[in-house]
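The numbers here are math on the coordinates, done by the rules we state, and not lab data. These figures come from a predicted structure and were not determined experimentally. Cβ coordinates were reconstructed from backbone atoms using ideal geometry, including for glycine residues, and neighbour counts include every protein chain displayed.
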Ligand SMILES: Cc1cc2nc3c(=O)[nH]c(=O)nc-3n(C[C@H](O)[C@H](O)[C@H](O)COP(=O)(O)O)c2cc1C
């Protein structure tokens, strides 16, 4: 199958209807074919592949060029097992050939301030934390695309926030850094391929001029049907996407321990004023 067909198939998988022409370019095509990969072959991720991905990460936009993020590459199997336990016993964290832990990093700015004998009290504000989260996410997604362009697969690991202080200790993180999410990286297992997951119709997420949710319910109902089909094909829980989504935000108990994130961040050196 040629690439253009794969790209058109990816659009179809995403929205359940044929793509509008004209066809996208190679990069958009690659982006549309993303799927989270949770099963890996035995092939290691070499340093060169990692270096290209980090170059892609560093090529992302970054707020005021502050580059308020860092990333930790973990390959040690025992450390991976400990991090898997800390992130909800996720098997793919334990089995991935490489785990990248993406950090909000205000510690570097504080060290710079110390070296220059300049105050850095601005890093105590929620704004600086937000800058770090946005920077880390933009960098990580560029890396994800670079890995996918090189034939690898990734899955993000929000479970890394289940026990932030223990993760910080495991990784020797200085005050002012926070492991905002992990990313498992590896070559997809040839016998356990991942499928492209449908998304909401564009009309739900794309508003024009002013926010308008008038047609949302109908489009969400259509998406619920598509997702139930998808889940059934994957032999997973086929309750509607809506009810599963709402269940995840029903209360503090549904946040996998992350309802105490503010306290954890305070303990890790983020005042969040
Ligand atoms: C910030 C973030 C955290 C995530 N955390 C996890 C996780 O802990 N475990 C996991 O298996 N998938 C995790 N995912 C993957 C999502 O479940 C996945 O992206 C979503 O279901 C859409 O599926 P797709 O990536 O295959 O299109 C995470 C994704 C993001 C963006």
Worksheet, complete the sentence: Ordered by fewest other Cβ atoms within 10 Å, a rough proxy for footprinting exposure, 206, 66 read 206, 66
Item to complete: Work out the FRET efficiency for residue 229 and residue 66 from their Cβ-Cβ distance, taking R0 = 41 Å, and round it to the nearest 0.05.
Response: 0.40
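Could you calculate the contour length gain from residue 91 to residue 166, that is, 0.36 nm times the residue separation minus the distance between their Cα atoms, to one decimal place in nm?
Going from the current span to full extension adds 25.1 nm.
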Item to complete: For residue 120 and residue 214, calculate 0.36 nm times their separation in residues minus their Cα-Cα distance, and state this gained length in nm to one decimal.
Response: 29.3 nm
Discussion item. On the Cα set of the chain, report Rg and Dmax in Å, please.
Written reply: 20.2, 60
Response to the item:
The simple spin-label model distance between residue 25 and residue 48, using points 7 Å out along Cα→Cβ, in nm, is 2.6
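In whole percent, what relative contact order does the chain give with Cα contacts below 8 Å and a gap of six or more residues?
Working: 416 pairs, mean separation 65.7, N = 273.
Relative contact order comes out at 24 percent.
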Worksheet entry | Separation in nanometres of the label points that stand 7 Å from Cα toward Cβ, at residue 272 and residue 197 | 2.5
Worksheet item: Gain in length, residue 253 to residue 127, computed as 0.36 nm per residue apart minus the alpha-carbon separation, to one decimal in nm?
Response: 42.7 nm
